[in-house]
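Structure record follows, encoded as structure tokens.
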Amino acid sequence: MAKNLSKIPQGKGEVRIIAGLWRGRKLPVLLSQGLRPTSDRVRETLFNWLMNDIVEARCLDCFAGSGALGFEALSRHAAKVVMLEKSTVIAKQLKQNLQQLKTEKGEVHCTDTLQYLTQQTVEQPFDIVFLDPPFHQNLLAQTLCLLDSEHWLAENALIYIESEKDLTTLAIPANWLLLKEKFTQQVAYRLYQKQGKSE
């Protein structure tokens, strides 16, 4: 998912889709310093949390990186997944993976997430947002603010946040409710729900 955006990818790895249409399918991932695909275990927990909400959901995958969360959502019958990825070479690999899967429900934008959320017009708000930005770059606070203030979130939208475990303060909007929270040795991952309409 998250990556060091200044680094050029070197070599290839892979991510495995856990369940759904493409269960067990392995997709190539360009490796770069700082690239940290969400682990199978964390992803399985997340999509268990989302089990009753993912079908026909409109999803936004910010800082898409490997695309592990976006492809998993598509495999589990999301209606649409928009992936935002700043690196041109990583974005190209995401597009190639979508072509391999022969799906038109995913789209990739080679763009800076903060610029996209600031400059693009919201045609239809998203039901689920995945946030797994590069660690230790202070991107979460700005992203959370933009999602809320620029009206990217549907009423009662779900927001998944994956961050470094030692990040103890998150600037969560007042109308977001923490639903789930878990930790690994290095990672904190949480699911929030927006309560009603933004002010």
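Brief remarks on what is shown
- Residue-normalised accessible area of the chain, expressed per residue, 1.4 Å probe, Å²: 49
- Cleavage-rule hits (trypsin sites (Lys or Arg not before Pro)) in region 86-149: DSSP loop, at most 16 neighbouring Cβ within 10 angstrom: Lys102, Lys105
- Within-11-Å neighbourhood charge of Thr118 [Cβ basis; K, R +1; D, E -1]: -2
- Global size of region 87-199: 15.1, 42 Å for Rg and Dmax (C-alpha atoms, Rg to one decimal, Dmax whole).
- Selection of GluC sites (Glu not before Pro), region 37-100, meeting DSSP coil and at most 14 other Cβ within 10 Å: Glu56
- Near Glu72, once Lys and Arg are set to +1 and Asp and Glu to -1 for all other residues with Cβ below 15 Å from its Cβ, the sum equals +2.
- Cα-based shape type of the chain, given that a ≥ b ≥ c are square roots of the gyration tensor eigenvalues and the cut on a/c is 1.5: rounded
- Size of region 72-143 as Cα extents on the principal axes (Å, biggest first): 35, 28, 21
- Most to least packed among 163-171, 73-81 [average Cβ atoms within 10 Å]: 73-81, 163-171
- Over the chain: helical MRE at 222 nm, DSSP H runs n ≥ 4 each giving -39500 (n - 2.57), nearest 500: -7000 deg cm²/dmol
- Contour excess over end-to-end distance, with Cα ends at Asn175 and Gln193 and 0.36 nm allotted per residue: 5.6 nm
- Contact order normalised by residue count of the chain, Cα under 8 Å, 6+ apart, percent: 17
- The apolar share of the surface of the chain, taken as the fraction of accessible area on carbon and sulfur atoms (1.4 Å probe, ligands and nucleic acids excluded), comes to 45 percent.
The values are calculated or read from the model by the stated rules, or taken from the named source; none is laboratory data. Since we're looking at a predicted model, the values are computed, not measured. As a convention, Cβ positions derive from the backbone with ideal geometry for all residues, glycine included, and neighbour counts pool all protein chains shown. Heavy atoms of the whole protein, side chains included, go into the accessibility calculation; ligands, DNA and RNA do not. Shrake-Rupley method; radii C 1.70, N 1.55, O 1.52, S 1.80 Å.
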